[in-house]
Amino acid sequence: LAKTTQPISMDSYEGQEVNITCSHNNIATNDYITWYQQFPSQGPRFIIQGYKTKVTNEVASLFIPADRKSSTLSLPRVSLSDTAVYYCLVGDILNFNKFYFGSGTKLNVKP
Amino acid sequence: GAVVSQHPSWVICKSGTSVKIECRSLDFQATTMFWYRQFPKQSLMLMATSNEGSKATYEQGVEKDKFLINHASLTLSTLTVTSAHPEDSSFYICSARDAAKNIQYFGAGTRLSVL
């Protein structure tokens, strides 16, 4: 059973910053937050992972408030190739955690 | 990121035959791998957890005798769809857990079509 809630879809334009928020009200103390990107007919690709505050890598940032009941994936200056489904997952990654995928957010980037 | 190789990328078979799908972690050892199934326009559904050297753990509703999982080494897990039927046609995806990074990496998926 998925532990997260995300918007079904979002639209954006090339060059804009996109923020996708995920709700996880019942997140457990040992749970981490992980985001994946999936293109049609491909396996999910790891984007970013974090526990609290802010995490940044070369492709995205992840913002996690103090109560950890939500998180926001931030994609700077998106391009058409960022059109994909984005999944937010929570789980105890330190203990062989299983991921139960929710519906994800379909991001449509327009020219 | 780490690479998980899945083979074949697509397969067509006749109803009643068995099909084996391989999942390999190429640059790390994975004591735990996972198998998912995804139908068109739907999300991934976890089928089972594959543990190296022990029996797989299946999710509720997944027939263990139909979907045989073997994880004989730290870099290879296989999923065999036995006596495949058209309703087994789907996109099968594996993942492997890199324990050093605590990240689950996914394979590219296998498209199975049963005629």
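Before moving on, here are some points about what is shown:
- Across chain A, Cα pairs under 8 Å and at least six residues apart give a relative contact order of 38 percent.
- With a Förster radius of 25 Å applied to the C-beta separation of residue B:87 and residue B:9, the computed FRET efficiency comes to 0.70.
- Straight-line cross-link reach from residue A:69 at under 17 Å between alpha-carbon atoms covers these lysines, not counting any fewer than eight positions away in the same chain: A:3, A:52, A:54.
- Accessible surface of segment A:45-90 [probe 1.4 Å, protein heavy atoms]: carbon and sulfur percent: 55 percent
- Rounded to the nearest 0.05, the FRET efficiency derived from the C-beta distance between residue B:43 and residue B:17 at R0 = 35 Å is 0.80.
- Label point at residue B:108 placed 7 Å out along Cα→Cβ; residues across segment B:37-79 whose backbone nitrogen lies under 19 Å: B:37-38, B:76-79
- Lysine pair count for segment B:22-114 (Cα-Cα distance under 28 Å; residues 8 or more apart in sequence or on different chains): 5.
- Buried accessible surface for the A/B chain pair comes to about 1600 Å², total over both chains, computed with a 1.4 Å probe.
- Within segment B:1-85, the GluC sites (Glu not before Pro) that combine a DSSP coil assignment with at most 11 other C-beta atoms in a 10 angstrom radius are B:63.
- Each Lys or Arg adds one and each Asp or Glu takes one away; over the other residues whose Cβ falls under 15 Å from the Cβ of residue B:89, this sums to +3.
- Dividing the mean sequence gap of close Cα pairs (under 8 Å, 6+ apart) by how many residues chain B holds gives a relative contact order of 37 percent.
- Annotation for segment B:1-33 versus segment A:68-111: alpha-carbon center distance of 24 Å.
- Charge context of residue B:5, other residues only, Cβ under 15 angstrom, K/R +1, D/E -1: 0
The values are calculated or read from the model by the stated rules, or taken from the named source; none is laboratory data. None of the values given here were measured: they were computed from a predicted structure. Glycine gets a Cβ as well: all are built from the backbone with ideal geometry, and neighbour counts include every protein chain shown. With ligands, DNA and RNA removed, areas are computed over all heavy atoms of the protein, side chains included. Shrake-Rupley method; radii C 1.70, N 1.55, O 1.52, S 1.80 Å.
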